[in-house]
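Visitor: Structure incoming, see below.
The values are calculated or read from the model by the stated rules, or taken from the named source; none is laboratory data. Note that this is a predicted model, so its numbers are computed, not measured. With ideal geometry, Cβ positions are generated from the backbone for all residues, glycine too; neighbour counts draw on all protein chains shown. These accessible areas exclude ligands, DNA and RNA; they are computed on the full protein's heavy atoms, side chains included. Shrake-Rupley method; radii C 1.70, N 1.55, O 1.52, S 1.80 Å.
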Amino acid sequence: QVQLVESGGGLVQPGGSLKLSCASSGSSFSVIVMGWYRQAPEKQRELVADINRYGRTNYADSVKGRFIISRDNTKNTVYLEMNSLNPEDTAVYYCNVRTVFGVYWGQGTQVTVSP
């Protein structure tokens, strides 16, 4: 069973930055893709960004140019650097890891962008 531990959420003013981290307990060799999703109140969960084992990244149009996803395979950790945050980025952010054995979700971390 893979466990994901997220950190880095919080309250930030518009225009500010936050960096999320997600550490996976599983073997890095089994990981295919690591990514972040978010869910705002009364909205569906949506993909924010993901990165495969070769470093290829994929971003939602709404965060391109502002967010950067990266991973450290030695630590089996994925990061999401969020810049130029605006109130529309307010949501619970969930780490997602796809491995050869299945798909796993973190518990979620709240990001609130407010003056």
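Visitor: Which of the following residues is modelled with pLDDT under 95, among the polar types (S, T, N, Q) and open to solvent by 40 Å² or more (accessible area, probe 1.4 Å): Thr99, Thr112, Thr74? Explain how you work it out, then say what you get.
Guide: Details: Thr99 fails: open to solvent by 40 Å² or more (accessible area, probe 1.4 Å); Thr112 fails: modelled with pLDDT under 95.
Every option except Thr74 fails the conditions.
Each row is one residue, and each column tells you yes or no for (1) outside any strand (DSSP E or B); (2) small (Gly, Ala, Ser).
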residue	(1), (2)
Ile51	no, no
Ser62	yes, yes
Ile68	no, no
Leu80	no, no
Pro115	yes, no
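Matching residues to (1) out of contact with any His (no Cβ under 8 Å at 6 or more places or on another chain); (2) open to solvent by 60 Å² or more (accessible area, probe 1.4 Å); (3) at pLDDT 95 or above; (4) over 16 Å from Gln110 (Cβ atoms):
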| residue | (1), (2), (3), (4) |
| --- | --- |
| Ser25 | yes, yes, no, yes |
| Gln44 | yes, yes, yes, yes |
| Ala60 | yes, no, yes, yes |
| Arg66 | yes, no, yes, yes |
| Val92 | yes, no, yes, no |
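Visitor: Output the residue which, of all residues in segment 34-49 that are assigned to a strand (DSSP E or B) and touching a residue at least 24 places away in the same chain (Cβ under 8 Å), is farthest from Gly9 (Cα to Cα).
Guide: If we filter segment 34-49 for residues that are assigned to a strand (DSSP E or B), which is where we start, we get 34-39, 46-49.
Filter once more, keeping what is touching a residue at least 24 places away in the same chain (Cβ under 8 Å): 34-39, 48-49.
Details: Met34: 18, Gly35: 15, Trp36: 13, Tyr37: 13, Arg38: 12, Gln39: 14, Val48: 15, Ala49: 16 Å.
Taking the candidates together, the pick is Met34.
Visitor: I would also like to ask the following. Here is a list of conditions, (1) over 15 Å from Gly108 (Cα atoms); (2) surrounded by 15 or more Cβ atoms within 10 Å (Cβ to Cβ); (3) under 14 Å from the mean Cα position of the chain (by Cα); (4) not charged (D, E, K, R), and Leu20 meets all of them except one; can you say which number that is?
Guide: (1)
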